[in-house]
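A quick write-up on the structure given underneath.
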Amino acid sequence: MTLMGPKSPYSNAQLLELANILVEVHPRIAESHMAKGQVLWLNEDKTAAQSSLAVAVSMNPYQIDAWRMLMSLDMDKGEFDQAIAHGGSPTLCGQ
């Protein structure tokens, strides 16, 4: 995650390649999908970012940062019903 800071020596394309490798090597780790979602968001690919973040949250409902980012993307895209659904989902709320 520190690679994505403002002083990162990597381009967005390089970060996306690294995130893809991370998900390929660690497909069952929620944080890898979260990292990919963040990189996709940086690349303005909001739909793909939503998908990656949804995977992260479904794998680990306690991944609060991914959950918040997912709902923010929903609202940013004007998908308010989706944001409400994500916010009220028992899986996402850990219920």
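The values are calculated or read from the model by the stated rules, or taken from the named source; none is laboratory data. Please read all numbers here as calculations on a predicted model, not as lab measurements. All Cβ positions, even for glycine, are placed from backbone atoms using ideal geometry, and neighbour counts span all protein chains on display.
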Open item on the list: If I ask for residues that are within 14 Å of MET71 (Cβ to Cβ) and not hydrophobic (A, V, I, L, M, F, W, C), which ones from region 19-51 would you list?
Closed with: GLY37, LYS46, GLN50
Open item on the list: On the basis of being under 11 Å from the mean Cα position of the chain (by Cα), at pLDDT 95 or above and part of a helix (DSSP H, G or I), does ALA48 make the cut?
Closed with: yes
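Here's the yes/no breakdown for (1) assigned to a helix (DSSP H, G or I); (2) surrounded by fewer than 17 Cβ atoms within 10 Å (Cβ to Cβ); (3) under 11 Å from the mean Cα position of the chain (by Cα):
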{"position": "LEU22", "(1), (2), (3)": "yes, no, no"}
{"position": "ARG28", "(1), (2), (3)": "no, yes, no"}
{"position": "GLU31", "(1), (2), (3)": "yes, yes, yes"}
{"position": "SER52", "(1), (2), (3)": "yes, no, yes"}
{"position": "VAL57", "(1), (2), (3)": "yes, no, yes"}
{"position": "PRO61", "(1), (2), (3)": "no, no, no"}
{"position": "ALA83", "(1), (2), (3)": "yes, no, no"}
- [ ] Tell me, please, whether a residue that is of a type in the set (Ser, Thr, Tyr) and crowded, with 19+ Cβ neighbours inside 10 Å can be found in region 38-50.
- [x] no
